[in-house]
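Comments concern the structure below.
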Amino acid sequence: WFRYHTLFADLLRRELDRRMGGDTSALHMKAAHWLRNNGYTASTVRHALAAGEGAFAADLVEDCCMPLIANRSVAAIRQWLASLPDEVIADRPRLMLAQVWVDFHTSQPAHGFRNLHRARRKLREKKALGEVSETAARELQAELGVLYVGILSAAEHSQMAIKLGTQLLPSIPKNFPFLLGTLKNVMSFCQTSLGNLSEGRKLCIEAAEHHTKAKSTFGQAYAELNLGLTEKTSGALDNALHHFTQARSIAREGEGKGSYSEAMAAIFEAEVLYEKGELSAAEALVTRHERSIHECGLIVHSMTVNLLSARLAVARNEIEQALRILEDAERSGLRSRDRRLSTMALHERVKLLVERGDKYLPRLILRSHGITEDVLVENPRQSIALELECMALARVQIAEGRPQNAMRFLDQISRAIRSDGRMRRLIQVRVLSAIAAFDAKKDMATLAAISEVVELAAEQGAFRTLVDEGEPVRRVLTFGLGRIPHWQSRSGAARQLVDRVLACGKASDHPVQDALVHRQKTRAPDTSSALSAREDDVAKLLVQGLRNRQICDALTMAPDTVKWHLKNIFGKLSVSNRTEAAMKLREIGICETENYPNG
């Protein structure tokens, strides 16, 4: 083998064209046959295409597409398919399914569904004519089913994907380990997105075992990556970082440095490092691997790079650069018709515009996407995209001076998020709830939300989620410093996190005093969110664990009246049951417990 400088290689090719009169097809075919005979099938395709031998090239692509999909990425497959005549692809179910792999990886579900239906019809036709063997038909049929589940997942139909995948699993032969591993990777992602984290972890582990048998480095790395995403969703950032690092190690050992698999894992590793406040390490990983991510064109990972690059730009105070990145990312999501991905960029963009002080543009942007209060209220199905739309809308409502409206939307989505155990998203939603409650002069709701946020963030090692909310969250934290009892110990994890976040803002010798002065100037005394005298009596007994009947007896109160007071207490604390209310009352120190005669 010889390596030439690029300019010299160009010179040699031009000289070859001059000597052969531009007709190098015979030479390309000679090279193609030699490469194929020596086992370089993937390199053979390029020469076959250059020779204009479409049918021969199609045979080669059919031979090597699955090994490439299993062990690297779909970038080469996509280029080859683009070079083949459409009529050649349309007559070969194997190539049509290769196109669906491209659609799946690049998040183009609408295109993927069309190609799947075409492939199914063509496979049925070929089988009826006896042009496809029973063994090949069985493998193609299994692959078709796995891809259908993958496309459903890409289209955000997670429940349907899980249902179909569960039905499909028993029918896939055990000697197709790559398909089994891919199916379980997809189902794992769907389970995690729905909050079924334990099932998601189980499927990840099983997927890794299948991909190990298939000797698919990409599949093994992806299973480890999915495990990391599951841990990140649950709020276990250290565990997530371990899995992302492990995925990168698997990719490097199996494929060498600079592979797409390594880049994919490195970007998610960088995301966790950013959250933990290690900005230099995160930026180094992004700089090293973003080109590989963007060149391959897998939009899910490109979006992760774009969002992280925008956040890093904001941290460097390059706001306009961040907005440009987010606009491009949003357009990319819209082109792929992936609502979840486009909304991720949209939410970040609205957040930046609101922080910059734009009062009208964020609302216009939301309306242009059809995101209004009425649409969100009428949407019965909670999804990741809907959560992000609610958060973006809440930011606009807070900026417009309607924080109580924002609280309603945020409370609506936080209940489902909490029940799913998705603690990362819960922090993001509840910190917005705290800011909205503070602006609405709802002191108890403010303290309830911010104490929960700090407790979760301190436990997870999350940092930038709070810092990136800027001055509004610092005001809320400063307000809580003078009121939340367990924040008073400087050695406690919660207080250390609060101090660290406040230190990222403007320095102040007396932050608590400054916040109190700010409140006196800008806020009227809070009467609507404080407990009334009777609510205070009920709350004290609630904290002691008394049931409704015991509270009735102790306070000489009718059962319906107790229920009414409890409902008001739950609303002011933004909780849904008496256990959460008791814990929150103790945590924020609103109620001092007393012993009642009938307690």
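The values are calculated or read from the model by the stated rules, or taken from the named source; none is laboratory data. What you are looking at is a predicted structure, and each value in this text was computed from that prediction instead of being measured. For neighbour counting, all protein chains shown are included, and Cβ atoms are generated from backbone atoms with ideal geometry for every residue, glycine included. In case anyone asks, the SASA skips ligands and DNA or RNA and just uses the protein heavy atoms, side chains included. Shrake-Rupley method; radii C 1.70, N 1.55, O 1.52, S 1.80 Å.
Assorted remarks:
- Residue-normalised convex hull volume from the C-alpha trace of the range 65-198: 109 Å³ per residue.
- Relative to the dominant Cα principal axis of the chain, helix 134-154 is inclined by about 30°.
- Alpha-carbon spread of the range 230-366, three principal axes, descending order, Å: 51, 31, 27
- Crossing angle, helix 279-296 versus the chain [Cα axis fit, 0-90 degrees, rounded to tens]: 40
- Values of log10 I(q)/I(0) for the range 35-137 across q = 0.15 Å⁻¹ run -0.62, by the Debye formula with one identical scatterer at each alpha carbon and no solvent.
- Calculated mean residue ellipticity, 222 nm, the chain: -24500 deg cm²/dmol, from DSSP H runs (n ≥ 4) at -39500 (n - 2.57) each, averaged per residue and rounded to 500.
- Within the accessible area of the range 309-421 (1.4 Å probe), percent carbon and sulfur: 48
- A full extension of the chain between residue 568 and residue 500 corresponds to an added length of 21.0 nm, given 0.36 nm per residue minus the alpha carbon distance.
- Cβ-derived FRET efficiency at R0 30 Å, residue 175 paired with residue 43, nearest 0.05: 0.60
- In this simple spin-label approximation, residue 63 and residue 488 carry label points 7 Å from Cα along the Cα→Cβ vector, and these lie 7.9 nm apart.
- With protein chains left intact and a 1.4 Å probe, residues in the chain average 47 Å² of accessible area per residue.
- Here r is the Cβ-Cβ distance between residue 34 and residue 163 and R0 is 56 Å; the resulting FRET efficiency, rounded to 0.05, is 0.65.
- Relative contact order of the chain: 8 percent, from C-alpha pairs under 8 Å at least 6 residues apart in sequence.
- Nonpolar atom fraction for the range 94-231, defined as the carbon and sulfur part of the 1.4 Å probe accessible area, stands at 54 percent.
- Percentage relative contact order, the range 319-402, counting C-alpha pairs under 8 Å, at least six apart: 32
- Pairwise FRET efficiency - residue 82 versus residue 124, Cβ, R0 = 22 Å, nearest 0.05: 0.25
- Overall form of the range 195-310 per C-alpha gyration tensor (a/c, 1.5; a/b vs b/c): oblate
- Restricted to Cα atoms, the chain shows a radius of gyration and a Dmax of 28.9, 108 angstrom.
- Relative protection proxy for 277-286, 486-495, 90-99, from highest mean packing down: 90-99, 277-286, 486-495 (other beta-carbon atoms within 10 angstrom).
- Per-residue HN-Hα couplings for the range 490-504 [Karplus 6.51, -1.76, 1.60; θ = phi - 60°; Hz; x = Gly/Pro]: 5, 8, x, 4, 5, 5, 5, 5, 4, 5, 5, 5, 5, 5, 7
- By average C-beta atoms within 10 angstrom, highest first, the peptides 552-562, 470-480, 396-406: 470-480, 396-406, 552-562
- Per-residue HN-Hα couplings for the range 222-236 [Karplus 6.51, -1.76, 1.60; θ = phi - 60°; Hz; x = Gly/Pro]: 5, 5, 5, 4, 4, 4, x, 5, 5, 5, 5, 4, 6, x, 8
- 3J(HN,Hα) from dihedral phi, the range 256-261, Karplus parametrisation 6.51/-1.76/1.60, rounded to Hz, x for glycine, proline: x, 5, x, 6, 5, 4
- Overall form of the range 325-405: oblate. Here a/c, set by the Cα gyration tensor axes a ≥ b ≥ c, is 1.5 or more, and a/b is not larger than b/c.
- Expressed as a whole percent, the accessible area of the range 238-295 that falls on carbon and sulfur atoms is 44 (1.4 Å probe).
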